[in-house]
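The values are calculated or read from the model by the stated rules, or taken from the named source; none is laboratory data. Just so it is clear, the model here is predicted, and its values are computed rather than measured. Using ideal geometry, Cβ is built from the backbone for each residue, glycine included, and neighbour counts are taken over all protein chains shown.
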Amino acid sequence: MILYDYILSPSCYRVRLLAALIGRRLDLRAVDVHPGQEHLSEPMLALNPAGTIPVLSDDGLVLTESTAILSYLAARHAPDWLGEDTPAMRARVAQWLAFSQRLTDSAGAARAHDMLLAPGDIDALRGQATKALRELEAALSAARRRGESFLAGNRPTIADIACFPHVALAPDGGLPLDPYPSIRLWMRAIRALDGFVEMPGIHRLHELKPEPGPMPEVIRKEQA
Amino acid sequence: MSELGAMRDQWYPVAMTKQLTAQGRDTLLMGAPIRVFADDGGTPKVTDGAGRALPVIDRFGHVWTSLGQPEKDLFTIPEVDQPGRRLVDVGVCRVRCSPLRAVENFLDIAHFPFVHTDILGSEPHTEVERYEVEIRDDVDEVWATKVKFFQPQAAKSAEGGITTDYMYRVCAPTCSVLYKTCPPKPEEWDVIALFVQPLTETLCDVWPYMALYDDDAEMTDLIHFQQMIFVQDRSVLENQLPALLPLDPGREIPTRADMTSIAYRRWLKRHGFTYGAQLVAA
C-alpha cells in the first residue's frame, strides 16, 4: 500500500493516523509539496489530475480523496472503524465525513495561509472555520450528555479520524481552541487511543506516559 | 524609522532564489513594504514601497536585502562551499512571533525531549551538560561550543540514538547557524541555518537552510525532516509570552542550560538590536 504523503498535510495525516491505529504499515512516498510544488508535477498529475495529496495506490486501485482512503483502509482491515452498527450510526459517520471537508476548506485553508503563505481571504476563512467549530462543539457536547465520547457513538470511527487533524491544528491558523471544552475532551480521547501517532503541531500526551524512571546509568549502578 | 535602530543597517533574507519570478513577491521587512523579483536577466532585485532599489546579495540559496546601508558584507558559511555537501532550501514557514524569539528557540537544547520527542531528544535523557559560551569580539558573533546531547534520531542519516555534539553561532541579529555531528562523516559537521525575515516585531518568515553530507537520503526527505522539526517548534513559539523578547532581566529565571540565550540577549542589547525586543523587564 503506497501513500503519497506530505508530513505537514493534515489530510495525509488522517491516513497515517488511521493506519497506525489499526496497525497497518504504509509505504510512504514523500512528495515535495512545499516548496517544490511536486504535487503539480506531470507524474503526480498523471496519478491524480486534481493535483492534491494524499494519494493511495494499492493493487491497481488509486484513491485521491482522504475520506475514501479512510473508508477503504477500514473496510479492508478494521471494519469496526466504519461505524455501521445501525442505520443511524452509519448515517452519522457519513454526515461527519462530509463535514470534515468544510474543516479542510476553512480551518485547513486558514492554516495554509498563515503558515505556508497560501492565498486566501483569511478573515472569511476564520469565520467559516469558527462556525464549523461551534457546530462540532455543540454536537460533541450533546454526545457527552448522552454518555458518548465520539462523533458517531461510543467508540471512535473514521468520522473522528477525518475531523481530528484540522480541528487539532486550528490554532496554527489563528483559531484558538480555548472556547471549546467538549472539542478538547474529544481530542484528548483520540490522543489517548492505543497506537496514536502525532504530526508536527499535534503533540502526544506526555501526561499519559509513565513517569520517566531513573537515568540508565543509575540503573546500571544499582544493579552492579 | 528610528525605532528600527541599528537593525536598519543589517542584512535580512527575503526570498528563496529558486522561487523568484518576474512578477515577484510582495512582502514586508520590519514593517516596510518591499518587492523581491527577478529582472529580465534573472538577477534578483528588491525595491521598497517607493520603488527605490535596495541593496541585494544572492547567497545561501536566498535573496538578502537591507533597508539601510550595511557597513559589513553578509556573513559567510565557509562549509557551504565544501564539495560533496547537499545544499537544502527547506522553504518558508511563517510564525506569529518575534523574529528574535525564533532565533532564541533555535539556540535552545533543553526543549528537545519535550517538543521533538523521540527525534532530537527523549525522556529521561533531559540533562543539558555544561557547555561554553562567548561573544567573539573579533568576528562580533555569539558562539556556544562543546554542547552535547543524547538524541534518538539526530538526523535523517542517523541510525539509532547517538550523543550529538553541537556548536551554535549567531552571526546576524536574526540569523543563526548550528554545527552538529554528521553521522555518515564523523570528521565533519552538518550545518543547519535558520534565516529569519522580520516582517513586523511579532511576525516573521523563517527560512531554514542546510548543508549536509548525506548521499543516501532523497532531497524531499531532507526537506521534510527539517520542516517537521521546525513546525513542532512553531506552536510553542506562537504561545510564548511576552511576545517581545525581554532584554532586561526580570521575573524570568534563566538556568545554566540557557547560557546561549543569555549571551544572545546581551549581544542584541549591546548593539541596539531591539526590533522585536522589549527593554522593560518582563
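Within region B:2-21, residues that are under 20 Å from residue B:88 (Cα atoms) reach partners that are basic (Lys, Arg) with beta carbons closer than 8 Å, at six or more positions or on different chains, in the pairs B:14/B:25; B:15/B:25; B:19/B:25.
Checking region B:105-113 against the condition returns no match, with no residue being within 24 Å of residue B:211 (Cβ to Cβ) and more than 18 Å from the chain's Cα centre (by Cα). With the structure loaded, tell me whether residue A:119 is in contact with a Ser or Thr (Cβ under 9 Å, 6 or more places away or on another chain) and either in the same structural domain as residue A:182 (by TED's automatic domain parsing) or on the phi > 0 side of the Ramachandran plot (or both) or whether it fails that test. Considered against the rule, which asks whether it is in contact with a Ser or Thr (Cβ under 9 Å, 6 or more places away or on another chain) and either in the same structural domain as residue A:182 (by TED's automatic domain parsing) or on the phi > 0 side of the Ramachandran plot (or both), residue A:119 comes out as no. Each residue in region B:166-186 was checked for being crowded, with 23+ Cβ neighbours inside 10 Å and free of Cβ contacts under 8 Å to residues at least 12 places away in the same chain, and 0 of them qualify. Take the conditions crowded, with 17+ Cβ neighbours inside 10 Å, touching a Lys or Arg at 6+ places or on another chain (Cβ under 6 Å) and within 14 Å of another protein chain (Cβ to nearest Cβ) and apply them to residue B:190. Does it pass? Criteria not met by residue B:190.
When residue B:149 is tested against (1) farther than 25 Å from residue B:73 by Cβ; (2) assigned to a loop (DSSP other than H, G, I, E, B); (3) hydrophobic (A, V, I, L, M, F, W, C), only condition (2) is not met. On inspection, residue B:157 qualifies as under 17 Å from residue B:180 (Cα atoms) and at pLDDT below 95. For region A:83-119, a residue qualifies if it is acidic (Asp, Glu) and out of contact with any helix residue (DSSP H, G or I) (no Cβ under 7 Å at 6 or more places or on another chain), and the qualifying residues are A:85, A:105. Among the conditions (1) under 30 Å from residue B:203 (Cβ atoms); (2) free of Cβ contacts under 8 Å to residues at least 40 places away in the same chain; (3) not aromatic (Phe, Trp, Tyr), residue A:188 misses just one, which is (1). Looking only at residues in region B:73-101 that are part of a loop (DSSP other than H, G, I, E, B) and among the hydrophobic types (A, V, I, L, M, F, W, C), the one that is farthest from the other protein chains (Cβ to nearest Cβ) is B:75. Screening region B:218-242 for residues that are farther than 16 Å from residue A:114 by Cβ and aliphatic (A, V, I, L, M) and picking the one that is farthest from the other protein chains (Cβ to nearest Cβ) gives B:241. Taking the conditions exactly as written (under 27 Å from residue B:18 (Cβ atoms) and among the hydrophobic types (A, V, I, L, M, F, W, C)), does residue B:150 satisfy them or not? So residue B:150 does not fit the description; no.
Of all residues in region A:60-110, those being among the small types (Gly, Ala, Ser), within 19 Å of residue A:140 (Cα to Cα) and part of a helix (DSSP H, G or I) number 6.
For region A:33-59, residues that are more than 14 Å from every other protein chain (Cβ to nearest Cβ), more than 15 Å from residue A:10 (Cβ to Cβ) and either among the aromatic types (Phe, Trp, Tyr) or not in a helix (DSSP H, G or I) (or both) total 9. Scanning region B:136-152 for residues that are surrounded by fewer than 19 Cβ atoms within 10 Å (Cβ to Cβ), closer than 29 Å to residue B:238 by Cβ and of a type outside the set (Phe, Trp, Tyr) gives B:141, B:152.
Across region B:205-217, the qualifying residues are those that are within 12 Å of chain A (Cβ to nearest Cβ) and touching a Lys or Arg at 6+ places or on another chain (Cβ under 9 Å), and the one among them that is nearest to residue B:188 (Cα to Cα) is B:217.
Being modelled with pLDDT of 95 or more and either touching a Gly at 6+ places or on another chain (Cβ under 7 Å) or within 26 Å of residue A:36 (Cα to Cα) (or both) is a property that residue A:142 lacks. Residues considered: B:31, B:42. Of these, the only one that is loosely packed, with under 14 Cβ neighbours inside 10 Å and farther than 20 Å from residue B:88 by Cβ is B:42.
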